[in-house]
Each structure stands twice: as structure tokens, then as C-alpha cells.
């Protein structure tokens, strides 16, 4: 009896890449492969890459080198490199990594099993057009109680520092009925939390309908029986509508949490970035969001953008100190060849960028500790991710802090009430409330 070939998928990058990898996992399984979590013993290794910024490129290339090291030990192993890195660099990767058997762009990930006999070494569409749908087989790689759901792919924003439109293509929104169909399938399979992702979730529907369709999509998803939490990530401030903000107060299972990457606050820098809003717009938006009881706001910012002065960096520090974001990610500007910002004058020296980043993150640690102290002694609902750690609705999976349960263990996916006994910089500690035994 023939032994089924094995395949191992090394998925890198953001949740949107993860969803792409889940389509690939399903196609491999349907093609008869045994899925192996250990690349060292797999017949086929697929690295699904990220190519957004320099650090992501370096991580992806390191994973490719590790896969090729396996191939040197086991020459029959086939190594396939797929995703954003291939879409960005194409033939240059073929020359850089001659030992790789096949390079596959974004559009062809689910086709990899059928391409193993492909005579060429690279298959990349110059303009990505693929869009996942509810009929596409998908194998979740998350715990069974939550899942990411891509509602759109591509981007039309053209921020000056970003190559995503070149890598992922233009905005392509999925039809509302198709998103609902996939959501129903996931909930019927036991998913309790849906995390909506796209390059820009707040632009959802602009390309397909007469205007942004996110508010009515949230209405429809929220009404699904059995859906405990609905979470919104990657909300571009330029497209955040009043109607979407209103849903956080109105829809009971829409988590009072938003990921809103502001990137900067200086009007001059925001204009150079091509973000499509100014500081006053952010202040108005944040005022509306903070008026919603228990609303948590996560953001990301970039330090050291070309031409950023010390005064403009200090302006951002002051704004962040006053705004008091619950969660914040910060990055030193990465000069990406091919982006408009790469050719701007007055590039900030690397040591200056990293010193500014250090100062900003030290300040944010204090803000985070202060925000979490408000939970001390409070009774909150927690969804368990492991037997001893869970999350509140104010914590996105795999990115924000944990609630660490003291002295008890529970079934992942279980919802319970706890009382917070201690808080830290990112995590909190809690005990089960007496009513939960």
C-alpha cells in the first residue's frame, strides 16, 4: 500500500496571509497529502511568505534557507516558496535561491498541489485578481473557537511608504452574501469569534457597491445565531464612517474594540504619507469612539518617516500621551525600494529612528499599565484560548494581552466570568467569579 506524501506549510506574516495558507492546507489535504507540522520530515515544504517591509523580507528569506537546509539533508524534499515575497520580487528570487523547486504568486496558492509537476520554476500573475469565497475549501489553523475571515483583498490607498497595492493588487471586496455564507459555515463548525481582516476593512464595498458597505455587513454578521464575538481589524481612519462607529454601541456581539492605525499625527507627515486625513480628523474620530462605554482602541504608528523632525516626533508623543490608546504597535520607518517615500529627501538616520522608537514604546508601557489598572477588581467576561489563559473582548487573538486565570483550568473556547486580581503592562490576572464555581 502506497504511503501518502507529506506536506508542511510554514505560514509567515499577517492574518490575511494565514487565511491564504488555510486555503492551501485544505487543497493539500484534498489532494491526498498528509499534513505534517514538522518540516524536517515532510516530502514537500511550502513557505508562504510576507514581503511588506525589510524585516518581513528577512524573516521570509531565513525561513526559505531553513527549508533548503532540510532539502540538503533529504534531497528528495521539494521546497516551494509562495505568497507576497514572490509577488514582489519574482525572478530575482529564482536567481537568489536556485535550490527552490517552485515559486508561486498570491493567486496560485490553492493550485500548488496540481503544480508539483509544473515544468517552470515560477508562476506569478502580474496583477493579482484572486479572491477567496465561501465555496473554497479551507482548513483552519487557529483554535476551533475563533477564525479570521478575509472580507476583501488588495488596496487602493497608495500610501507613499507602502507597496501593498503593488504586491496584493487593487481593492477587491467579496459580495455580502458570500461573506455571510462563509460566516455561517464557520459558526456551524463551532467558531464563536470571527475576526474580520482585509488590507483596509473600512474600505469594504467601495469597489463593488455604491459606497462603503461595512456597516450593513456588520449588521448582517451580528445577526448570525451562535456568533459570540465579531471583531474588526485594520480599519483605515480615512474610511471609518459614523455608521460603523455607531455599530459598536448598537450591536451586542460586535466587540468594543477597533484596530485603527493612525501612523502619525503631524499634518505635514500625514500629507507626505498620503493618508487622506489630518490631525483634526483623528481627534474627532477618537472623540466619537471614546464616547462609547468601554471602547478599546488599538493603533500603530511609524517613527522616523523621511523628514520627521524632533518637533514633529514630540507632537506625536504628546498626542499619544493624551489619547491614551489601550494598545499600540510602533515601527521604525522602513525604506522600501519602489515606494514613493523611498525617494523623499531628509531620510532619518537609523540610530535616530530607533532611539525615537525606544522613547515612544517606553511611554506607551506606562499608558498601557495605567489603562489596565482600571480593570482591577472588576468582573469581566473572558473567552478561554488555553486551559489557563483567555481574552476579554478588548484583546485581539495573537496580538494583544492575555487574562491569566489563577488556580483553575478550563476548556478552550469556554466563556466565563472572572474577577481581575492583578494587572501588569500587557496582561492581567484573574480568578473565576464565585458564580462560575
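Points worth noting:
- In this calculation the C-beta distance from residue 331 to residue 411 is compared with R0 = 35 Å, giving a FRET efficiency of 0.45.
- Three-way shape label, segment 379-436, alpha-carbon gyration tensor, a/c 1.5: oblate
- Exposure proxy shown here: for 301, 406, the number of other Cβ atoms within 10 Å sets the order, fewest to most, as 406, 301.
- Cα Rg over Rh - the chain, Kirkwood: 0.97
- Share of alpha-carbon pairs per 5 Å distance bin for segment 286-437, given as whole %: 2, 8, 16, 16, 14, 12, 10, 8, 6, 4, 2, 1, 0
- Mean-position separation - Cα centroids, segment 367-412 and segment 202-238, in angstrom: 26
- Full-extension gain in nm, residue 309 to residue 219, via 0.36 nm per residue minus C-alpha separation: 28.1 nm
- Normalised radius of gyration (Cα atoms, divided by 2.2 N^0.38 Å) for segment 1-144: 0.97.
- Simple label model, 7 Å out from Cα along Cβ direction - residue 181 to residue 362, nm: 5.5
- Gained length - residue 101 relative to residue 238, 0.36 nm times residue gap less alpha-carbon distance: 45.1 nm
- This ranking places 229, 429 by how few other beta-carbon atoms lie within 10 Å of each, fewest first, which gives 429, 229.
- With a Förster radius of 60 Å applied to the C-beta separation of residue 207 and residue 373, the computed FRET efficiency comes to 0.85.
- Taking every C-alpha pair closer than 8 Å and separated by at least 6 residues, the mean separation divided by the residue count of the chain gives a relative contact order of 10 percent.
- Whether segment 111-185 is rounded, prolate or oblate, judged on the alpha carbon gyration tensor where a/c under 1.5 counts as rounded: oblate
- Centre separation in Å (Cα based) which lies between segment 148-173 and segment 330-366: 22
- Calculated [222 nm] ellipticity per residue, helices only, for the chain: -10000 deg cm²/dmol; basis is -39500 (n - 2.57) per DSSP H run with n ≥ 4, divided by all residues, nearest 500.
- Whole-number D in µm²/s for segment 146-373 (Stokes-Einstein; Kirkwood sum over Cα pairs; 37 °C, 0.692 mPa s): 177
- Rounded, prolate or oblate (a/c below 1.5 giving rounded, otherwise prolate when a/b exceeds b/c) for segment 232-279 by Cα gyration tensor: prolate
- The ranking of 206, 45 by Cβ neighbour count inside 10 Å, starting from the fewest, reads 206, 45.
- Taking the centroid of alpha carbons for each part, segment 27-56 and segment 101-139 are 13 Å apart.
- Rounded to the nearest 0.05, the FRET efficiency derived from the C-beta distance between residue 419 and residue 91 at R0 = 45 Å is 0.15.
Coordinate-derived values only; no laboratory data. Note that this is a predicted model, so its numbers are computed, not measured. With ideal geometry, Cβ positions are generated from the backbone for all residues, glycine too; neighbour counts draw on all protein chains shown.
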